[in-house]
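J.: Mind having a look at this structure? Questions to follow.
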Amino acid sequence: MAEQPGLPQEFLNAIQADFPADFLTTQAEELVNYGKDWTKVFPPNPSAIVFPRTTLEVARFAKLCSKHQVAIVPSGGRTGLSGGAVAAKGEVVLSVTKMNHMGVVDTLSQTLKVQAGAVTEAVHKHCEPHGLTWPIDFASKGSSHVGGNISTNAGGIKVIHYGMTRNWVLGLQVVTMNGDILELNGALEKNNTGTDLRQLFIGSEGTLGIITEATLKLARIPKALDVFFFALDDMSAVLKLFHEARRAPFTLMAFETLTNNCLEAVQGHLAVKSPFDKKYGAYVLMEVERPSSPDAQSVLDAWLGSLFENNLVLDGTIAQSPREARDLWSLREGISESIYQVGFLHKNDIALPIAALESFIKEMYAMFTKRHSEFEIYLFGHIGDGNLHVNTMMPKGMERDVFLKACHEADLDLFALVQKYQGSISAEHGIGLLKKEWLKYSRSGPEMAILRSLKKALDPQNLLNPGKIFD
Ligand SMILES: Cc1cc2nc3c(=O)[nH]c(=O)nc-3n(C[C@H](O)[C@H](O)[C@H](O)COP(=O)(O)OP(=O)(O)OC[C@H]3O[C@@H](n4cnc5c(N)ncnc54)[C@H](O)[C@@H]3O)c2cc1C
């Protein structure tokens, strides 16, 4: 997309005449704040930021932008990790921050209607007194928005049990670039009236429409959870443990892994300690819902005993209180922010079929050793969902440009391997600006042609989040 050549005067006059006085800002600090997301690699350069409060304002604004050919970047909590909410080419950022109203929790249908700017964690707190939750959960939930979660079809730490965000969106209200307001599916559990348009907007990273409201599907909060932290030899043992956990007599709520350098990074940055005195090759954080049967404890003890008898786990601990559970979780959830403190790093977020994980991981390490041995790999992720976060740290003394070039070459090898195993180059973070060069490794030519025609149908002037996902 070409750089926006400054906003047309007629457009600015219409904003002044038809919208509230605090609707638009061009204050330098706000432009920087709202022009970027967590990737922090794309310099922000928006023309202005607008803060609608209602769907009607969003619709009128979209229509005005279409008339004057002004590009919009929809923006949520700006915690995205792919540059989807970045405005680097003079676009206007449409922030839904002020659209954060949450309705009454409907305990009969177990739903909640919210505006797109409702913060993920605020939704959890709003539902908690009713014994219900919106089960989208990850480290950035204190800042991310429902609209952003839906636009990225976010994953997180509970996908193994609940699935992705897509599963928890009953209805959507979406504004298209021509100013139409679409009400998609309302609060219907069942609605087989042809193609489900709601699904088009989930995961489309703000390129097809602006999400203004959502009817969320809620889950009951599990009764008693046990949190374990295990030390193991290596990733191969992690996968064997996962196999055992899948067959165990309890419900698996989370199964997360990390390597030792990730654990050390967290300990170096946050006030938390590893439960173990020794270092191990890999760790697993496992959360389970305790069965309510009278023999639940003895069944769980027997299962745990067998892990040690078979030398599958080398050490382990179980949280004895909610506080200890939080501390164990922080060893996993603190990784993203902590590894940024170690040095400059390059992130990848890939997905593999679960059955292929073991051979993929072996081949991936062999590939790095053979072709990119200068990199230290910080590996962690939602391994129970086949989702690995592969982070490469810039070696000390290496110039940033040299590092980025070397990462580009390593990505070529990594994505070729992902493609060989029929995996995905983006498991949950999306494509945005960061990964669009690699999309061809996960999407075929005919698929791309369909995606392009959908974009053309909904946004013929290419004004909505232009240049994101594909050019
Ligand atoms: C520490 C950390 C941990 C994370 N862990 C996870 C994780 O475990 N799993 C995971 O999936 N993600 C994770 N993320 C990434 C991020 O939090 C998610 O992608 C989240 O869903 C983004 O929400 P947001 O409101 O911040 O969206 P933003 O970053 O503001 O936007 C993301 C995309 O959605 C679009 N968008 C935003 N709002 C709207 C709207 N109303 N209408 C249309 N489009 C819109 C934007 O244009 C952009 O393309 C993590 C991020 C951080 C910083």
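J.: Taking just the alpha carbons, could you work out the radius of gyration and Dmax for the stretch 344-421, both in angstroms?
T.: 12.4, 39
J.: Can you give the accessible area per residue of the stretch 225-336, in Å², using a 1.4 Å probe? It would help to have the intermediate numbers written out before the result.
T.: On the way: 5160 Å² over 112 residues.
It amounts to 46 Å² per residue over the stretch 225-336.
J.: Could you name the aspartates and glutamates whose alpha carbon sits less than 14 Å from that of LYS125, not counting residues in the same chain fewer than 8 places away?
T.: ASP137
J.: Here's a follow-up. Let me check against my output: what whole-number percent is the relative contact order of the chain, with C-alpha pairs under 8 Å and at least 6 apart?
T.: Details: 920 pairs, mean separation 73.8, N = 471.
Once divided by the residue count of the chain, the mean separation gives 16 percent.
J.: Quick one: which of LYS36/LYS405; LYS36/LYS435; LYS278/LYS405 span more than 26 angstrom between C-alpha atoms? Working shown, then result.
T.: Values: LYS36/LYS405 23 Å; LYS36/LYS435 16 Å; LYS278/LYS405 36 Å.
The answer is LYS278/LYS405.
J.: Compare the peptides 33-39, 184-190 by average per-residue count of other Cβ atoms within 10 angstrom and give them in order, highest first. Present the calculation step by step, with values, prior to reporting the outcome.
T.: Values: 33-39: 22.0, 184-190: 13.9.
With the highest mean Cβ count within 10 Å placed first, the list reads 33-39, 184-190.
J.: For the stretch 111-220, state the average projected area of the convex hull of the C-alpha atoms over all orientations, rounded to one decimal in nm².
T.: Working: hull surface 27.0 nm².
The directionally averaged projection comes out at 6.8 nm².
J.: Additional query: Put +1 on the Cβ of each Lys and Arg and -1 on the Cβ of each Asp and Glu in the chain; which of VAL114, ALA139, GLN199 then has its Cα farthest toward the positive end of the dipole?
T.: In the chain, that residue is GLN199.
J.: Ok, one more. For the stretch 218-233, take each phi angle, set θ = phi - 60°, evaluate the Karplus expression 6.51 cos²θ - 1.76 cosθ + 1.60, and give the result in whole Hz per residue in order, putting x for glycine and proline.
T.: Taking θ as phi minus 60°, the curve returns 10, 10, 6, 6, x, 6, 10, 10, 10, 10, 10, 10, 10, 10, 9, 5 Hz for the stretch 218-233.
J.: Cα axis of helix 235-247 to longest principal axis of the chain: angle in degrees, 0 to 90, nearest 10?
T.: So the inclination is approximately 90 degrees.
J.: Measure off, as a whole percent, the carbon and sulfur share of the 1.4 Å-probe accessible area of the chain, all protein chains present.
T.: Numbers: 11040 of 21030 Å².
Solvent-exposed carbon and sulfur of the chain make up 52 percent of the total.
J.: If you don't mind, there's one more thing I want to ask. Roughly speaking, what is the centre-to-centre gap between the stretch 231-265 and the stretch 171-227 when only Cα atoms are used, to the nearest Å?
T.: 33
J.: Now for a different question. How large is the direction-averaged shadow of the alpha-carbon convex hull of the stretch 9-98, in nm²?
T.: Details: hull surface 21.7 nm².
Over every viewing direction, the Cα hull of the stretch 9-98 projects on average to 5.4 nm².
J.: What order do you get for 69-80, 163-174 when each peptide is scored by the mean count of other beta carbon atoms within 10 Å, highest first? All intermediate terms of the calculation are to be shown ahead of the outcome.
T.: Working: 69-80: 24.1, 163-174: 20.4.
With the highest mean Cβ count within 10 Å placed first, the list reads 69-80, 163-174.
J.: Along the charge dipole of the chain, pointing to its positive end and built from +1/-1 on Cβ of Lys, Arg, Asp and Glu, which listed residue (LEU31, ALA457, HIS408) has its Cα farthest out?
T.: ALA457
J.: On C-alpha positions alone, give me the angle between the axis of helix 9-18 and the longest principal axis of the chain, in degrees, nearest 10.
T.: The angle comes out at about 80 degrees.
J.: Using the Karplus equation 6.51 cos²θ - 1.76 cosθ + 1.60 (θ = phi - 60°), what ³J(HN,Hα) coupling, rounded to whole Hz, does each residue of the stretch 77-93 give in order, writing x for Gly and Pro?
T.: So the J values, rounded to whole Hz, are x, 6, 9, x, 10, 9, x, x, 9, 7, 10, 10, 10, x, 5, 9, 7.
J.: Charges at C-beta only: +1 for Lys and Arg, -1 for Asp and Glu. How large is the resulting dipole of the chain about its Cα centre, in Debye rounded to 20? Intermediate values should be presented prior to the final figure.
T.: Details: 45 positive and 52 negative charges, 145 e Å.
The dipole of the chain has a size of about 700 debye.
J.: Report, largest value first, the span of the C-alpha coordinates of the chain along each principal axis, in whole Å.
T.: Answer, in whole Å and largest first: 75, 57, 44 Å.
J.: Would you mind calculating the relative contact order of the stretch 1-89 from Cα pairs under 8 angstrom and at least 6 residues apart, reporting the percent as a whole number? Numbers along the way, then the final one.
T.: Numbers: 98 pairs, mean separation 35.0, N = 89.
Dividing the mean separation by the residue count of the stretch 1-89 yields 39 percent.
J.: Using only Cα atoms and rounding to the nearest 10 degrees, what angle (0 to 90) does helix 357-371 make with the longest principal axis of the chain?
T.: The answer is roughly 80 degrees.
J.: I've got another one for you. Taking a temperature of 25 °C and a viscosity of 0.890 mPa s, what whole-number D in µm²/s does Stokes-Einstein yield for the stretch 225-336 with Rh from Kirkwood over alpha carbon pairs?
T.: Numbers: Rh = 14.3 Å.
Taking Rh from Cα pairs, D becomes 172 µm²/s.
J.: Moving on to the next point. Cβ neighbours within 10 Å, averaged per peptide: list 138-146, 409-417 in order, most packed at the top. The partial results should precede the final answer.
T.: Working: 138-146: 21.1, 409-417: 17.1.
Sorting 138-146, 409-417 by mean packing, highest first, produces 138-146, 409-417.
J.: Using the eigenvalues of the Cα gyration tensor, what equivalent ellipsoid semi-axes result for the stretch 322-380 when each is taken as the square root of five times the eigenvalue, whole Å, largest first?
T.: Values: eigenvalues 136, 64, 16 Å².
Taking √(5λ) for each Cα gyration eigenvalue gives 26, 18, 9 Å.
J.: Here is a further query. If I take every Cα pair under 8 Å that is 6 or more residues apart in the stretch 76-207, average their sequence separation and divide by the length, what percent do I get for the relative contact order?
T.: Details: 183 pairs, mean separation 26.2, N = 132.
Normalised by residue count, the contact order of the stretch 76-207 is 20 percent.
J.: Quick one: Cα centre-to-centre distance for the stretch 292-320 and the stretch 336-351, in angstrom?
T.: 33
J.: May I ask which residue of SER424, ILE318, PRO395 lies farthest towards the positive end of the charge dipole of the chain, with charges of +1 (Lys, Arg) and -1 (Asp, Glu) on Cβ and the Cα centre as origin?
T.: Of SER424, ILE318, PRO395, it is SER424.
The values are calculated or read from the model by the stated rules, or taken from the named source; none is laboratory data. The shown structure was predicted, so the numbers you read here are calculated from the model rather than taken from an experiment. Every residue, glycine as well, gets a Cβ built from its backbone with ideal geometry; the counts of neighbours run over all protein chains shown. Side chains are part of the model used for accessible areas, which takes the heavy atoms of the whole protein and leaves out ligands, DNA and RNA. Shrake-Rupley method; radii C 1.70, N 1.55, O 1.52, S 1.80 Å.
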